[in-house]
Amino acid sequence: MAVLFPLLAVLIWAANTVVSKAAAGVFDPAAISFYRWLVAAVVLTPLLARPLWRRRAELRPHLPQLAVLSLLGMVMYQCLAYYAAHSTTATNMGVICALIPLLGLVLNGVVFRQHIAPAAMLGVTLSLAGVLYLLGHGDPASLLAGGINRGDALMLIGSASYALYGILYKRWAPPFGQWLNLYAQVLLAVAMLSPLAASADSLAIPAAGIPLVLFAGIASSILAAYFWMRGLQQLGSERTAIFMNLLPLFTALIASVTLGETIHAYHWLGGGLILLGVSLTQGSLAPLWRRWRPAAQST
């Protein structure tokens, strides 16, 4: 069934959020950020190095764009997630990741002056309320006194980076196909992360860290990308994007089972508001909105 492809992709990405949290007790974040993309590069090189080399002349003019995409989507987003895992929970990380479509909408409106529909504006408001409720642990007013947790703030910045990545990828549309585009960005990420890796306290890979690196480098970076692309091909972008709404739920459940994290009431309420808002911005609740709006105007 076609729905299995995006479902498996989201399940793997949710598991990788938990892996990021687990890696916080095993790796220097600079080290696992580097090793993740190094493993992906090693796996993809036998398959894609020759095709990429044959198109090197075409690739050269697009290198600045691919470098920006790699910086936003692979270096900043993933690297900040590893640093965030040291001071926030996997459950919080999963819920904040659900904001990526919403952040993309806001960035499109602010930076590129794209019109935001009324339903989407309602979605932005609901999701913002959910974020404040979640980050305040059920008491948004506490954010005024204590501020946002450092890990949550890093995840918000990383999610905004990935939202901008999605916007620019669609606008620039590098003409090399999904796999060559991915491979080029992976190679650039390895190059950009090398100086950061050199600053790590330790680059040693302990025995407990081997499966974490392999999962991040192969399952999350390659297999999930393949499943997601198959979903896009068979279901289309709009239907596939809706599956991302399952990410915080899968993350919370996996974190609860494997890490013993407690799912609090504020996770359910804050996360629910975020997902409701995201659903409105993505248009998945558009038919309900259209039926409600005329009735509301007639009262």
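Table for the structure above
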quantity: Burial order of peptide ranges 91-104, 265-278 (average beta-carbon count within 10 Å, highest first); calculated: 91-104, 265-278
quantity: Assigned charges on the beta-carbon of Lys, Arg, Asp, Glu; segment 16-152 dipole about Cα centre (debye); calculated: 700
quantity: Pairwise centroid distance, computed over Cα atoms, of segment 223-269 with segment 1-80, Å; calculated: 18
quantity: Ordering of 32-41, 172-181, 200-209 by packing [mean C-beta count within 10 Å, highest first]; calculated: 32-41, 172-181, 200-209
quantity: Largest-first ordering by accessible area, 1.4 Å probe, given options Ser220, Ser87; calculated: Ser87, Ser220
quantity: Computed Kirkwood radius, in angstrom, where 1/r is averaged over Cα pairs of segment 17-56; calculated: 11.8
quantity: Semi-axis lengths (Å, descending) of the ellipsoid that matches the C-alpha gyration tensor of segment 40-94; calculated: 32, 15, 7
quantity: Base-10 log of normalised Debye intensity for the chain (one unit scatterer per alpha-carbon) at q = 0.08, 0.10 Å⁻¹; calculated: -0.36, -0.56
quantity: Stokes-Einstein diffusion coefficient of segment 91-243, Kirkwood radius over Cα pairs, 37 °C, 0.692 mPa s, in µm²/s; calculated: 179
quantity: Distance histogram for segment 9-119 (every C-alpha pair counted, 10 angstrom bins, percent rounded to whole numbers); calculated: 12, 31, 31, 23, 4
quantity: Radius of gyration and Dmax over the Cα atoms of segment 193-249, both given in Å; calculated: 16.3, 45
quantity: Value of [θ]222 nm, deg cm²/dmol, for the chain, DSSP H segments ≥ 4, -39500 (n - 2.57) each, nearest 500; calculated: -23500 deg cm²/dmol
quantity: Accessible surface, per residue, of segment 1-130 when the full set of protein chains is kept, probe 1.4 Å, Å²; calculated: 43
quantity: Kyte-Doolittle mean at least -1.0 and Cα axial length at least 30 Å: DSSP H helices in the chain; calculated: 29-54, 150-172, 177-198
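The values are calculated or read from the model by the stated rules, or taken from the named source; none is laboratory data. What you see is a predicted model; the values in this text were computed from it and never measured. Glycine gets a Cβ as well: all are built from the backbone with ideal geometry, and neighbour counts include every protein chain shown. Surface areas here come from the heavy atoms of the whole protein model, side chains and all, with no ligands, DNA or RNA. Shrake-Rupley method; radii C 1.70, N 1.55, O 1.52, S 1.80 Å.
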